[in-house]
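Some notes on the structure that comes next.
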C-alpha cells in the first residue's frame, strides 16, 4: 500500500513538471512571433499609434527583461489571468469557462461510447478470430481510422441534415425553441449531441478495438485459460470472466495515451457541427487572429490532457495487482 | 563497397520475397503505387485547369462534361482532385522526412545516452511531445510561423508545422530499439577496436534501426496527409495550392453538405481515406516483415 502511495506521488510530481514545461513552452513560443509582442496583443486591423503600443508594452510589462516577464507570466497563469481576448472583449479565462464544459461533455460521451463499444467488439472479435465477424469489424475499424474526422461529420450532415432531416446538425440547443423545463432543455442538448459524439466515437473506436482484440488474442493462449477450459467452464464464462478482465489493463493505458488524439479529433468535429466548445473557439481565435485567446486555449487543453492522463495512470495503478502487493 | 551493396541487394530481395506473400501488404502497396502514379502524371491529364473559374457552370452535379461536377466557382472537381493528389502527397512526404529525421536523431541519442543526463532530458522531451494534443500544437506552430518576420511560403509552413509535431512516436520506438541494440555484442566489439560514440551510433546502431524507421515512415505519411487536411480545413493551409484538404475547406465554407452537393466533398475525403488505408496496410505489412518478433504471431 505504501508503495502505491509513493507511485501516485511520483506521477503527480511528474504531471506538475509537465504542466510547467507547457507553460514555459507556451511563453517562449509566442515570444518568437513578430518583433514586438505588444503588436500581437492588438487586433490586426488596428493601426496602433506608437504611444498606444508603448502604453501596452508598459501595461503588459513587456519593457522588462525576459526572465522577469517569464516570472510574471507564470504567476499570472496561476492567478488565472490568461490575458484579454479582443475578439470577445472579455478576459480570456472567462471566455474559456463558457466553452470548456461543452468540450468535456462531447469528449466524455464520445470517448465513453468508443471505449465501451471497443471493448465489447474487440472481445467478441478476438474470440471469433478469423471468422466473418472479426474480418468485417476489423476492416470497418480500419476504414474509420483512415478518414479525416471532419469529413465523416460532413457526410453525416449530408445524410441526416439534408436528406433525412431528422437530426440537428449545428449548435448545442435550438435557438428558436422555448424550454419550459430542465428536461426539455436536456433533451434538446442530447439531440444536438448525437451526431458530433457519434462521429468522434466512430473515429476513436479503432484504437480501443485493436488493443482489446490483440491483447485478448495474447491472453487466450495463456495457461490459465487452458486450465479454465479443462475445468469445463463454458466459452462465454471463460471469455467474460477470465480473459476480458485481464485484457482490460492495457486498454486503460490506451485510454490515457488516446486522450491527446481525442482532443485533436474533437477540435475539427466541433467546427463542423458548430459545437460551442474549445475546438470551435480555437477556430474563432485563428480566424480573428486573437492570439491571447489561442495561447490560453493551448495551455488549458494541454493541462487538461495531462491531468486526465494522471487520473488514468492512478486508476491503472489501482487495477494492476502487481503494484498493490 | 561492392561487397556491401551486394549484401543489401540480397537482403532486399529476401525481404521482398516475404513481403510478396502478405496479401494485405500487397493490396496496400498497389493502392499506394496507383496514387503515386496519379501524383506524377495526374496534372498532365486533367481535363480542365483546376483553378479556372467558370461563372456559367457553378455548383454543377456530375455530368459528361464535368465527370465529378463543379464547385462554387465553377472549377472542375476531377481536375482539382488529380492536381491535389500531387500536393497532398508532397506535403505528406516532406513532413514525414522532417519527422523521421527528428525522431530518429532524438530517439538514437535518448537511447544511446540513456544513463546520462542528456538521455534523461531527451526522454522527457519525447514524453512531453507525446502527451500534448498534436492538432492544437500544430495550429500554434503554424500560427507562429505565419507571423514570423522571415516570410516563409505557406506551403512550407504547413509542412514544417506537421513535421516538427509528428516525430515523437518514432522517437519513442527508435529509443527503445536503440536500448536493445546497444547491448548486443557487435557494439562491444566495435568499441574494443576503438570506435567512437559517433561511429557506433551512426555506423553500427543506425543501420540496424533503419528498417524500423522505414516502416514508421510509411505509416507517418498517412498521418501527415490527414494532418494537412485538418490544418487546411481550419484555414491554416496554403490557398495557392489546391490540396485535398483545401478542397474540403472550400466545400465546408460554402456549405456543400447542406446544399446536397455531395460531389464537392465526397471525392477528396474518399481519396484521403483510400490512400491512408493503403499506406496503413503497407506500413503494418512492412513492420511484420522487418520485425521478425511480430511475424511469429
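Any read-out appearing in this document is the output of simple, stated calculations on the displayed coordinates, not a laboratory observation. Treat the numbers as computed from the prediction; the structure is a model and nothing was measured. Positions of Cβ are backbone-derived with ideal geometry, glycine not excepted, and every protein chain shown enters the neighbour counts.
Data for the structure
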| read-out | value |
| --- | --- |
| Efficiency of FRET between residue A:174 and residue A:303 - r from beta-carbon atoms, R0 30 angstrom, step 0.05 | 0.35 |
| Counting all C-alpha pairs of chain A, share separated by more than 35 Å (%) | 38 percent |
| Residues in segment B:108-128 that a label on residue B:192 would reach, taking backbone N under 12 Å of a point 7 Å out along Cα→Cβ | none |
| Cα-derived Rg to Rh of segment A:236-316, Kirkwood definition | 1.19 |
| Relative compactness, segment A:175-243, computed as alpha-carbon Rg over 2.2 N^0.38 Å | 1.97 |
| Rounded, prolate or oblate (a/c below 1.5 giving rounded, otherwise prolate when a/b exceeds b/c) for segment B:90-145 by Cα gyration tensor | oblate |
| Two-decimal ratio, segment A:46-124, of alpha-carbon radius of gyration to 2.2 N^0.38 Å | 1.83 |
| Rotationally averaged projected area of the protein assembly as shown (alpha carbon convex hull; nm²) | 35.9 nm² |
| At q = 0.19, 0.22, 0.26 Å⁻¹, base-10 log of I(q)/I(0) for segment B:1-42 (Debye sum, equal scatterers on each alpha carbon) | -0.71, -0.75, -0.80 |
| Rg in Å to one decimal, and Dmax rounded to a whole Å, for segment A:86-228 via C-alpha atoms | 19.9, 67 |
| Value of [θ]222 nm, deg cm²/dmol, for chain A, DSSP H segments ≥ 4, -39500 (n - 2.57) each, nearest 500 | -24500 deg cm²/dmol |
| When segment B:1-127 is reduced to its Cα atoms, the Kirkwood hydrodynamic radius in Å | 19.2 Å |
| Segment A:119-174 - Kirkwood radius from inverse mean 1/r over Cα pairs (Å) | 13.6 Å |
| Kirkwood Rh, angstrom, segment A:177-318 [1 / mean 1/r, Cα pairs] | 18.5 Å |
| Tail weight of P(r) past 17 Å, computed on alpha-carbon pairs of segment B:51-90, percent | 27 percent |
| FRET E, pair residue B:10, residue A:218, Förster distance 30 Å, beta-carbon r, rounded to 0.05 | 0.30 |
| Distant alpha-carbon pairs in segment B:156-246 (separation over 21 angstrom), percent | 49 percent |
| Segment B:191-297: C-alpha gyration tensor shape, a/c 1.5 cut-off, then a/b vs b/c | oblate |
| Globularity ratio of segment B:81-189, using Cα Rg and 2.2 N^0.38 Å | 1.28 |
| For chain B, projected area of the alpha-carbon convex hull averaged over all directions, nm² | 19.7 nm² |
| Modelled FRET efficiency - R0 56 Å, residue A:246 with residue A:52, Cβ distances, 0.05 increments | 0.30 |
| Cα-based equivalent ellipsoid, segment A:153-211: semi-axes from gyration tensor eigenvalues, Å | 26, 16, 7 |
